[in-house]
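Data block below; observations after.
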Amino acid sequence: MINKRLLVKNLLAHNDENSFYDKKRFINIGEKEGKAKFLKHVCALANSNPHNNSFIVIGVEDANNEILGVDFFDDSKIQNLVNAYLTNPPLISYENIPFPHLPDGKVVGLVTIRSNGNVCSLKKNIWKYYGGAVFFRDGSMSMPKAFDIELKDVNAETVAEIEHHASNNIEYTLDGVIDFINNRHKDLEAKYKVFKEQFVVCWAGVYKKVKDSIYFSRVDIELINEQVKLFYSALDEVEISVTNDTFSITEYVQLGLSNHQKYYPLETTIITFHDNGKYKIDGTLIFNPPQYDKKVLHHIYNTNNALIRKIKKNIPLKNNELKDLINLPATYLICYLNGFEEAKTQLEENRWIIKGYDLKVYQSLKESLRILRKVRYN
């Protein structure tokens with residue numbers, strides 16, 4: 001097993017950006033430009049390494065390799081995004097790697113890319129890149145190349161050595177369990193379970209029993225062996241189920257208008273552990289969004305738009321408007337889920353304006369965008 005935190009450290013220490021490794025301060029696949037650039041790098045890294053893994057490390061300052069971190073990113077449908085835009089898409093995973101010095105919710109993102117051995121290309125136009133374009137790595141740059149260029153594997157030994165030096169051991173595992181329970185989550189209900197005598201999963205949260213069901217909030221779940229954060233949320237309610245072979249997470253989101261809020265099941269994630277030292281993560285979207293009267297939503301949508309216009313013009317908001325602003329991300333989300341397609345655009349285009357105005361509302365906005373990503377890429 002590979003300790004992903006060690007892998008990130010080895011990648012940062014071993015090389016500058018090259019044909020099998022790239023680093024980013026952040027990515028933004030919620031906007032067309034960010035999505036296009038991400039797909040370009042995935043395509044280039046897959047073509048430049050047809051028979052071994054390539055990596056993108058996210059949350060690192062480019063100039064000095066300082067680990068600054070990014071928000072926890074749980075888009076389990078990222079493979080669907082790659083499949084939709086790339087011909088001969090590689091296998092791709094996004095993992096959240098905790099580092100001790102980073103604040104809660106901040107991690108380093110590790111994208112692992114594995115080519116299927118064939119030339120990868122853009123399937124359709126996106127931003128300024130045309131469908132059919134093929135990209136390769138030229139040093140630290142992802143550059144367009146001729147389609148009939150030969151795929152060559154020149155990094156296999158280097159990547160294998162880096163991964164070997166990142167291998168886990170029992171000391172790292174024990175240190176990880178003790179740190180998770182005794183240090184990082186000493187104020188929460190924390191547990192651990194060993195699967196198949198190899199995998200150790202730790203989880204912590206605020207325990208709550210409702211009738212015959214047990215729920216957790218402020219949830220943090222990690223696969224200690226690989227130093228991978230599997231789930232993190234400061235907001236949602238989570239139901240956890242454990243068997244000898246599986247660890248299951250059902251996530252709920254709170255939605256509603258005004259004071260009429262209700263929890264809706266969003267997604268079930270099942271981690272299955274196998275005897276051969278491997279595990280598989282399957283996520284199933286089970287979201288059935290609430291439906292509301294279109295006239296009511298039309299009024300709410302226009303009210304939200306008016307609030308955004310006032311903020312842009314630096315017009316002070318009244319007390320009742322400040323209350324509406326708190327609910328703005330959630331009500332935009334409900335509008336989108338009820339057929340108001342423009343509501344998604346309003347959330348994406350105005351996120352930085354909201355961040356500069358009210359950080360608490362911005363946190364809610366990020367949560368709404370996260371739910372939107374799951375629904376769209378599913």
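Any read-out appearing in this document is the output of simple, stated calculations on the displayed coordinates, not a laboratory observation. The structure displayed is predicted, hence computed values, not measured ones. Cβ coordinates were reconstructed from backbone atoms using ideal geometry, including for glycine residues, and neighbour counts include every protein chain displayed.
Gyration tensor over the Cα atoms of segment 4-165: the corresponding equivalent ellipsoid has semi-axes (square roots of 5 times the eigenvalues, largest first) of 24, 19, 13 Å.
Straight-distance candidates among the lysines for linking to Lys124, with alpha-carbon spacing under 16 Å and chain neighbours fewer than 8 residues away dropped: Lys32, Lys35, Lys37, Lys40. Taking a straight Cα-Cα cut-off under 20 Å and skipping sequence neighbours fewer than 8 places away in the same chain, the lysines within cross-link reach of Lys295 are Lys344. Within the straight-line cut-off of under 20 Å between alpha carbons, the lysines reachable from Lys318 are Lys310, Lys355, Lys360, sequence neighbours fewer than 8 places apart in one chain being disregarded. Counting every pair of alpha carbons in the chain, the share spaced more than 34 Å apart comes to 33 percent. Based on alpha carbons, the Rg and Dmax found for segment 294-377 are 12.0, 38 Å. In order along segment 307-322, phi translates into HN-Hα couplings of 4, 4, 4, 5, 4, 4, 8, 6, 8, x, 8, 6, 4, 5, 6, 5 Hz, rounded to whole numbers, per the Karplus curve 6.51 cos²θ - 1.76 cosθ + 1.60 with θ = phi - 60° and x for Gly and Pro. Applying 0.36 nm per residue to the separation of Arg25 and His299 and subtracting their alpha-carbon distance, the gain on full extension is 94.7 nm.
With R₀ fixed at 35 Å, the C-beta to C-beta distance from Leu317 to Tyr207 puts the FRET efficiency at about 0.40. Between Asp282 and Asp245, the contour length at 0.36 nm per residue exceeds the alpha carbon distance by 12.0 nm. Its alpha carbons considered, segment 170-285 gives a radius of gyration followed by a Dmax of 15.1, 51 Å. For segment 168-269, the tally of Lys pairs with Cα-Cα distances below 27 Å comes to 19, considering only residues 8 or more apart or on different chains. Each label was represented as a point 7 Å from its Cα along the Cα-to-Cβ direction; for Asn183 and Asp104 these points are 1.7 nm apart. Note that segment 360-373 has calculated 3J(HN,Hα) couplings of 5, 5, 4, 4, 5, 5, 4, 5, 5, 5, 5, 5, 4, 4 Hz, one per residue in order, obtained from phi through the Karplus relation 6.51 cos²θ - 1.76 cosθ + 1.60 (θ = phi - 60°); glycine and proline are x. Dipole magnitude for segment 192-302: computed about the Cα centre from +1 point charges on Lys and Arg Cβ and -1 point charges on Asp and Glu Cβ, it is near 360 debye.
Annotation: amide H-H contacts under 5 Å for Glu237 (H modelled 1.01 Å from N, sequence separation of 5 or more, or interchain): Tyr252.
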